[in-house]
Amino acid sequence: MQGLFLGAGASYELGMPLVVELTETVKADHTPDLVRKFSKHSKWTKESTDFFLKLLAHNDLHYEAVIGAIEVMAQRQGPSMASYENIRIHLVDMVSRYLIGEHSSRKQLTIIGLSYLEGLRRYFRNDEPLRIFSLNHDVMIEEICSFMAEPLKCGFHNNVDYYKNAFDGASLEFNFEVLTNEQMSKGDLDFFAPGERGVNLYKLHGGLDTYLFNSCKDYIRFCSPGRLPGDHIQLLVDLNNANHRVELEDGIRTIQMLTLKDSTREVQFFDRSLITGAFKFQKRNSVDHRGLTIMFEKFKSDIYHVKHLTCIGYGFGDLHINEIMTAWLCSSSDHTLTIVDPFIEKTPAFLLHLTPQIEIIKKSLFEHVAAPDIKEDKQFKLYMHRQVREYQRLKRLNKV
């Protein structure tokens, strides 16, 4: 029984940014002048604004570390934590909008890249669902499954009655699946069972298509028809555009929230689900995770359905993930881990005692799944695709 564990590097060749790229974007859009101008129209104190600018000037801090440092200050400040918390909320909202923008601008590159992932089919079985555990907020797995016509479940229920009653008889132009508060309390997630073919996708840190709804009691996932390549990306763009129209009409920019108008022109609120920063599921994090907590708990149990886990594009920087992965490896000598990373040099230090169960492959996702008998013309196209993506990265970092 195989499983995949995906970090940001797994989406890189399909167009999504690495942490360093996203950090550069955050810094470019938060120059000292812009930050101070913005702080005047927000609830940021001078002290918190100066602290934020100091963090941005630190070359060794990526955006998650910046958010983590602000979380620490919010905890330390006690009654005056509101200003730091407002900065954190602003950053999480901006990251979400940036990622949707990346999806939109790189959509064609993504569509082209899907044709190079045929090698992933070796992970699909008729008698067992493929479990994919992802730290990424993007919709790349959704795009891949649609492209390969593989059925996909993300734990949400297709509850027609809930949808009909969600807006007091009104309708919404976007469809969604739901995990109600009651279902989450019971751990009632809709996934493929053993013996069924399909992909079970566990988004451990939230997603661009998932939101908290009904005063954050319920957890929903907006659904795309997924008939054409890029449909899942287009859904994110359409949601973002609909939210922007509401902001323009009402003259209010929402933070960390999606606002949509139903058929009666009533505004409906959906809270973004992204988890980022230094603490994530730790108690000191001020975010109410709800659905994400139950998804994380499901990951902790369902990883034991997997005997061989292939880890792609993950830098082992999340302690809560590393602890679970270590416990899973320790539980049985039959459990094996393959780490796929073009830059990895050795086994991560916290896994050294489990080295006999670990294989290291210095390749990217595309290189790893490429067919050994790939034809020369397609090999050349694949090479050029990867060169274009690398050029985009270097351009973002102002190195070309």
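Numbers below:
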read-out	value
Counted charge near residue 130, where neighbours are those whose Cβ lies closer than 9 Å (Asp, Glu -1; Lys, Arg +1)	+1
Environment charge of residue 191, counting only residues whose C-beta is closer than 11 Å and scoring Lys/Arg +1, Asp/Glu -1	-1
Peptides 5-11, 163-169 ordered by average Cβ neighbours within 10 Å, highest first	5-11, 163-169
Gap separating the Cα centres of the range 35-77 and the range 349-365, nearest whole Å	36
Exposure proxy ranking, count of Cβ atoms within 10 Å, fewest first, for 66, 369, 267	267, 369, 66
Globularity ratio of the range 20-94, using Cα Rg and 2.2 N^0.38 Å	1.00
Set of aspartates and glutamates near residue 381 by C-alpha distance (under 19 Å), chain-local residues within fewer than 8 positions excluded	13, 118, 367, 373, 390
Equivalent ellipsoid dimensions for the chain as semi-axes, Å, which come from the Cα gyration tensor, largest first	32, 26, 23
Semi-axis lengths, Å, the range 126-280, gyration tensor of Cα atoms, sqrt of 5 times eigenvalues	27, 17, 16
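No lab work stands behind these numbers, since they all come straight from the coordinates. Here the structure is a predicted model, which means the values were calculated and not measured. Neighbour counts are summed over all protein chains in view; Cβ atoms, including those assigned to glycine, are modelled from backbone coordinates with ideal geometry.
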